[in-house]
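Undergrad: Below you will find the structure I want to go over with you.
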Amino acid sequence: MSYLDEIFGLAGKVAIVTGGGRGIGQTVAIGLAKAGAEVVVIARSNADETISKITGEGGKCCFVRADVTKEAEVDAALAEIMQKSGRIDVVFNNAGICKHQSTFEACVADWREVIDTNLTGEYIMARAAAKIMVENGIHGSIINMASMSGTIANIPQWQCSYNASKAGVIHMTRSLALEWAKYGIRVNSLSPGYIATPMSVDTPQELKDAWMPLIPMHRMGTPEELVPAVLYLASSASGYTTGSDIIVDGAYTCF
């Protein structure tokens, strides 16, 4: 085993990826599998493409259906994973949504949907997984998907609910890191900037044109450029890292 495999490898680990059926979640799931993890995708819809890509290269991956905003479904999903795999070592809390709406145009139901998915959903999953880790003496890693939008307020689009949800994720991460450090459970967050995913194809061109001059690297990132940060947080390489927020944004938040 090489030095890099020893500190970044995930052989023998079981890693959950929520919202892993496409985009960033799919790319990260593939990266975790390549590092040796057995990957379980949790999502509301199927993840056939992700499973095919991972198993086609000799990796291990399965799908469990659940809505992260529903505590009973999450508990049932994790119980199923424990029955099949016997452990949970890593959680990449990725499922999320965004609504580009001015506050006057949006309604309270829109706000609640975003907060319920992005913040409460991550809380439900983190809490349920951490309970299992504690009960089984597992020193696990929980990686919450935040955003640079938790640090800055984006322009020119208006997305108050999304920004608030991601700021909440960052502070929730710090709080859980403090609370669960005594159990050997590390909790960190990842804050991407503008990332080119299949979803971004639907983003109006005028928004993309406005973003580019504000990104010092003058391009959007790729999902693949997030994988190394996740592998660091998931592996023993980050054994003394908890309560941190890793920003991967092409220097957008530096000014």
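The values are calculated or read from the model by the stated rules, or taken from the named source; none is laboratory data. None of these values were measured; they are calculated from a predicted model. Ideal geometry is used to build each Cβ from the backbone, glycine not excepted, and the neighbour counts take in all protein chains shown. Surface accessibility is based on the protein's heavy atoms, side chains included, excluding ligands, DNA and RNA. Shrake-Rupley method; radii C 1.70, N 1.55, O 1.52, S 1.80 Å.
Undergrad: Which of the residues that make up the stretch 117-156 are charged (D, E, K, R) and touching a helix residue (DSSP H, G or I) at 6+ places or on another chain (Cβ under 9 Å)?
TA: Taking the stretch 117-156 first, the residues charged (D, E, K, R) are 122, 127, 131, 135.
Within the stretch 117-156, Glu122, Arg127, Lys131 qualify.
Undergrad: Please tell me if Arg87 is without any contact (Cβ under 8 Å) to a residue 24 or more places away in the chain and surrounded by 13 or more Cβ atoms within 10 Å (Cβ to Cβ). Outline the logic, then answer.
TA: Working: without any contact (Cβ under 8 Å) to a residue 24 or more places away in the chain: no; surrounded by 13 or more Cβ atoms within 10 Å (Cβ to Cβ): yes.
Criteria not met by Arg87.
Undergrad: Ok, one more. Looking only at residues in the stretch 123-149 that are assigned to a loop (DSSP other than H, G, I, E, B) and under 21 Å from Asp110 (Cβ atoms), which one is farthest from the chain's Cα centre (by Cα)? Please lay out each step first, then the result.
TA: Going residue by residue through the stretch 123-149, those that are assigned to a loop (DSSP other than H, G, I, E, B) are 136-140, 146-147.
Checking which are under 21 Å from Asp110 (Cβ atoms) leaves us with 146-147.
On the way: Ala146: 7, Ser147: 10 Å.
The selected residue is Ser147.
Undergrad: Still on this structure, I have one more. Looking only at the stretch 182-198, decide whether some residue is under 17 Å from Ile97 (Cβ atoms) and at pLDDT below 95.
TA: Yes, there is a match, as at least one residue in the stretch 182-198 is under 17 Å from Ile97 (Cβ atoms) and at pLDDT below 95.
Undergrad: Okay, moving on. So which residues in the stretch 23-59 are closer than 25 Å to Asp75 by Cβ and in a loop (DSSP other than H, G, I, E, B)?
TA: Matches in the stretch 23-59: Ala37, Arg44, Ser45, Asn46, Ala47.
Undergrad: Can you name the number of the only condition in (1) in contact with a strand residue (DSSP E or B) (Cβ under 7 Å, 6 or more places away or on another chain); (2) within 30 Å of Ala210 (Cβ to Cβ); (3) outside any helix (DSSP H, G or I) that Ile88 fails?
TA: The failed condition is (2).
Undergrad: Condition test on Gly36, is it of a type in the set (Gly, Ala, Ser), at pLDDT 95 or above and on the phi > 0 side of the Ramachandran plot? Full working, then the answer.
TA: On the way: of a type in the set (Gly, Ala, Ser): yes; at pLDDT 95 or above: yes; on the phi > 0 side of the Ramachandran plot: yes.
Yes.
Undergrad: List every residue pair whose Cβ atoms lie under 6 Å apart, where the two residues are 6 or more positions apart in sequence or sit on different chains, the first residue falls within the stretch 150-164 and is at positive phi and outside any loop (DSSP other than H, G, I, E, B), and the second residue, located anywhere, is crowded, with 17+ Cβ neighbours inside 10 Å and modelled with pLDDT of 95 or more.
TA: Sorted first by the residue in the stretch 150-164, then by its partner, the list stays empty.
Undergrad: List the residue pairs whose Cβ atoms are under 6 Å apart, where the first residue sits in the stretch 35-58 and is under 23 Å from Tyr232 (Cα atoms), the second is open to solvent by 70 Å² or more (accessible area, probe 1.4 Å) and not in a helix (DSSP H, G or I), and the two are 6 or more positions apart or on different chains.
TA: Gly36/Ala11; Ala37/Lys13; Glu38/Lys60
Undergrad: Select, from Glu105, Glu80, Glu71, the only residue that is open to solvent by 50 Å² or more (accessible area, probe 1.4 Å) and either in contact with a helix residue (DSSP H, G or I) (Cβ under 8 Å, 6 or more places away or on another chain) or closer than 15 Å to Ala29 by Cβ (or both).
TA: Every option except Glu71 fails the conditions.
Undergrad: Given (1) crowded, with 18+ Cβ neighbours inside 10 Å; (2) over 18 Å from Ser45 (Cα atoms); (3) modelled with pLDDT under 95, where does Ala95 come up short, assuming only one miss?
TA: (2)
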